[in-house]
Each structure stands twice: as structure tokens, then as C-alpha cells.
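K.L.:
One structure, as C-alpha cells, below. Some questions next.
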Amino acid sequence: MHTAPEQPGVAEPSGPRHRGTIVFVITALGAFMASLDLSIVNIAFPDIKTSYPQASQASLAWIITAYSIVFGALLVTGGRTGDRQGRKRTFLIGTAVFIVGSFLCGIAPDVPVLVASRVLQAVGAAFLVPSSVALLIGAYPPARRTQMISLWGGIGALAVATGPSLGAALVSAGGWRWVFFVNVPVGLAILVVGRRILVESERKRSAARPDYLGVVLVSLAVAALVAAVSEGSGWGWSDPRIIAAFVGAVILTVAFVYRSGRHPQPVIDLTLFSERSFAAANAATLVYAAGFFAILLGNILFLTGVWHYSIMRAGLSVTPGPLVVAAVAGPAGKLATRIGFRPVIMAGAACMAVGLAWYVLRVGVSPAYLAEWLPGTLIVGLGIGLSFPVMSAAAVSSLNSERFAIGSAVNQTSRQVGGSLGIAILVLLTAKSVGLADALVQFHHVWTFGAITSLGAGLIATLIPRTSAKARAVTKVLEPELVDVDAGLPLASPELES
């Protein structure tokens, strides 16, 4: 009987079925950790704030934004490094770096160390995530790959849905440090089993070295802008440091764009933006993410600070929203396949704005969860589920198949950059310590900001062309990705999907 030669990184279809299952568990756990750490820290934020009472909210916000900035900036480079150096090697090194970063976060004696450790976490996550899905696809025959990507994407949705309650349970049981410590045993198990079971991929030594300097430029540009926005009200908008930060952000952005146009493996391929659908979807994603990330953290701060909920109660209170998102995201992708991206995104954006308007009009200083909070949470969750995942599909709908992976990763970079700016604006809107009545007004401003960005994203979505037959076909290919809502993990390298 003739047997085709084994391809590097691809398990033989006739091999033991349980091996593929183990590969799925290993890669999905890695993706789960990275996804979870994009959102679980929101739940731990009030407890972290209590541990460092002398730290300003602007400095504490870097615990979240530092991770988002570096993770987003490195995603493309992480995927290309896996292609060049080997996906197994990149996945295991990324996991090891993530574990070290998590441990250092857990023992951090002060905010600067905690922020630096979060950066290390983000570096590890950006390298392990693209390699994880590539290794998973390589472990299955073509007939089963779509099914396995669907299950893998579901893990990302599970991280979003369980993040608030899981994070609340960890903080309630042992304090915020356990949000990070829990990654250590899980990561070590991934390393031990992955080293034995994963098969190395073929290395593309002929490929150009990824643009690591470009990663530094874009990270510093976003960080400078975030610093200027978040510290502006405290230092004063005319303060030389604020002016220098704004000027620095502009200069670094220009340098990044210049370099991206000339490097053979740029962080962001600027030619992608010549496609109107890609450009519009990424602009909508950036604007939408700003409000989305501000609301994620802002709601936790409201429940613990204004309604004086415990961390556990706050985590459970916000859980229905992510559950709705996870339930709606898949059907939203199927709906977009039939009627197009534009109407689905616009409907979701309008729905989210309505939910946030409900908060502004109905939520007061006295707790009334069932009557005031829950309806708004469900409406917002419905809006996010309809719009956010479909934006990812719209971003790559007009690209050739070989550019799906890079286009998806760029879209996630837009999401993380927008989220970082959103957290900075949240800090700006809630900067001063005030009484309950004034605090309620501040959070009304936060919810209004979220509604404006949502409507703005819906308006930008009108620029997305009507869905063509090609785009509908792409949406069907991308339906597995649509179940992953918050992390927005990128597609595998296209040569493994062929």
C-alpha cells in the first residue's frame, strides 16, 4: 500500500487519533491563556488598585494597555518568526516567556515591575498564539481542519465568556496575584507535553527577517499617544511632557509608516489598505475597540466603586454579556454570509449604542441589577456579538487567500491599538476622585463615549462595499474565526490551509 511521505509539522492521517486530540488540547490551552489575559485583568483591577494605593489610575492603566500594545504590535511578527524559525520552537519559547512573565507579575513589588512583566507576557503571547493554530492545522488532515479551527476558535470565545467569573473567583480566593500565578502550572504542563508530542514545521530560512525595529516604533508611538491622553488632565495639556509625548507619537508614527513601506517583512503591509473593504473594516475596528475596551474596564470600576459590589459579585454581574456575545457571534457570521457584512455590522453597532444609552438613562447610584443593569448588559452583548467578529471577516473579505493570515493579524493589531486608546480615554474621563453623584456622571460620560464610538464604527462600516460572491465565500471560510470575540486570534499561515 502506497503511503505519502510525511510533511514536516503534519501528523499522518493514519496515526493514532489521540495524538491529534493531545495537540488540540495543548494548542487550545495556550490560546486560552493568551486570550484570558487580555480581559481577566479587568476583574482584578480594583484589587490591584487597593494593593498600590499611592499609584494613580493612569499609571495602573498601563497594566492593561502595555499588554494590549505589545501583543497587537507583535502578532504579525510572531507569526512570521514561527514560519522562519519553526512553529513548534516558537510556540514553546513563547509559552516559556509567557510563564516567566506571569510569575513575575504575581510577585511584582510595585507597579513599574508589574507593567514590565505584563510586557513580557505579551511578547510570549504574540509568539505562541499564531504558532498554536498553525500547529493544530498541521496535526490534522485537510478534511478535518475546518472542524478543528472551529473548536479552537470556540476556546477563545470560552475565555471571553468565563473570564469575568473565573477572574473573580481567583481574586476572591487568593487575591489578584493568582490571576497570574494560575498560568504557571498550566504553561508548564503545555511545555512538558508539547515538547514530546508536537512535530516541528519546515523552516523558511529563505524568508526575510521580520521587522523587529518596526515593532519597537509602533509600540512606542502608541505608548506615547496613550501617555499623552491619559496623563493630560493630571499634568496639564500645556505641560512640556504632554506636548513632547504628542510630538513623539507623530514622529514615531511617520518613521513606522516610512519603514513599513520599505521593509520586505513589515509589521503592517501598507499595500493591504489599498483594498477599500480592508481599510474601512480596520478603521471601524479601531474606533469600535476604543469604546469596547473602555466599557469592559469601566463597568467593573462602576460596579465595585459606585455600587460597592464585591469582586465576585461584579464578575458574575458582567458575565451575561460575554455569554450573549459567544452565543451570537457564530450566527452573526452565517447571517453576514447571506446578507453581507455592512448591514450586520451596522445593526450591531446601533444595538450596542442603544444598550449604552440604556445605562445612561436608567442606571443610578443605588444598585438595581435586574431592573437597570441586566437589560443593558444583554443589549450591549447582542450588539458586540453582531458587529465585532464580523468586522474581522470584512477586513479580509477582499484579500487573496494567501493574505488571509496577515490581514487577520493586522486587524487584531487595529483592535489592540484602539483598545489601548480607549483605556486612556477611560482614565481621562474618570481621573478625579469624587463623590457618588459625580462618579455616576463620569460613568455616564464613559458610556456615552462608548455609544459614540459604536455609532462612529457603524458609520465607517457604510464604506464597506456590498458583499460579492467572493466575499461570501471568504466569510464561509472564516466562520470558525467568528466565534472568537475578544482576543481575535489570527488565522493560521495560508499554506497550511490549502
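Values in this text are rule-based calculations from the coordinates and carry no lab data. Just so it is clear, the structure is predicted and the values come from calculations on it, not from any experiment. Counting neighbours? That spans all protein chains shown, and the Cβs are built from the backbone with ideal geometry, glycine included.
K.L.:
Tell me the label-point distance for the pair T271, W237, using the 7 Å Cα-to-Cβ offset, in nm and rounded to one decimal.
P.N.:
4.2 nm
K.L.:
While we're looking at this one, here's another question. Among the chymotrypsin sites (Phe, Trp or Tyr not before Pro) in region 177-248, which ones are in a DSSP loop with at most 16 other Cβ atoms within 10 Å of the Cβ? Mind listing them?
P.N.:
Qualifying residues, ordered by number: W237.
K.L.:
Count the lysine pairs in the chain whose Cα atoms lie under 21 Å apart, taking only pairs 8 or more positions apart in sequence or on different chains.
P.N.:
Close lysine pairs found across the chain: 4.
K.L.:
Return the calculated 222 nm mean residue ellipticity for the chain, to the nearest 500 deg cm²/dmol, obtained by summing -39500 (n - 2.57) across DSSP H runs with n ≥ 4 and dividing by the residue count.
P.N.:
When only DSSP H runs of four or more count, the value is -26500 deg cm²/dmol.
K.L.:
In degrees from 0 to 90, rounded to the nearest 10, what is the angle of the helix 276-305 Cα long axis to the longest principal axis of the chain?
P.N.:
50 degrees
K.L.:
In percent, how large is the relative contact order of the chain, given Cα pairs closer than 8 Å and 6 or more residues apart?
P.N.:
24 percent
K.L.:
Largest first and in whole Å, give the semi-axes of region 211-266's equivalent ellipsoid, each being the square root of 5 times a Cα gyration tensor eigenvalue.
P.N.:
Ellipsoid semi-axes (Å, largest first): 27, 9, 6.
K.L.:
Quick one: helix 57-85 against the long Cα principal axis of the chain, what's the angle to the nearest 10°, folded into 0 to 90?
P.N.:
10 degrees
K.L.:
Calculate how steeply helix 436-461 sits against the longest principal axis of the alpha-carbon atoms of the chain, using the helix alpha-carbon long axis, and give the answer as 0 to 90 degrees to the nearest 10.
P.N.:
Here the helix axis deviates by roughly 40 degrees.
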